[in-house]
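Here the structure is laid out as structure tokens; the discussion comes afterwards.
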Amino acid sequence: MKSNLDIIKAHYAGSDRGDIAAMMADVSPQVRWTEMAGFPCAGTWVGPQQVIDNVFAVLGAAWEGYQFKLERLVDGGDNIVGIGDYRGTFRATGKPMQARVVHVWQLEAGKIVRFEQFTDTLLVAQAMA
């Protein structure tokens, strides 16, 4: 059985490859996925399909070269923290963006049950304006 840290590493590896199926492989059907207020896809999305439709599809359509660059992971057992940067260019304005970000993951029984994002939404908004 994979450790919680391995599950999150696998999610980020899938993200690096643009592999949505790998990213969602260990996500609970009842996951609660929260994107920070002020972020383009802000809100709490429940279930993998809502996350795909309201987060990944939105970001992919609106941003060119959008990516999360992982700097480090903090292993807290059932809670894993990913620290890094968002990067991309907003298609409508052509403006680039780079913003620090923290992802907080909660896992239960080998499944991701909660995700919460914390980022500098002002830097994102400036690229979009």
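Throughout, read-outs are computed from the coordinates displayed, never taken from laboratory work. Note that the coordinates shown come from a computational prediction; the quantities given were computed from them, not determined experimentally. For neighbour counting, all protein chains shown are included, and Cβ atoms are generated from backbone atoms with ideal geometry for every residue, glycine included.
Observations on the model:
- The amide H of K95, built 1.01 Å from its N in the peptide plane, has F90 as neighbours under 5 Å, considering only residues 5 or more places off or on other chains.
- Between T89 and Q30, the modelled labels are 4.4 nm apart [label points 7 Å from Cα along Cα→Cβ].
- When the chain is reduced to its Cα atoms, the Kirkwood hydrodynamic radius in Å: 14.8 Å
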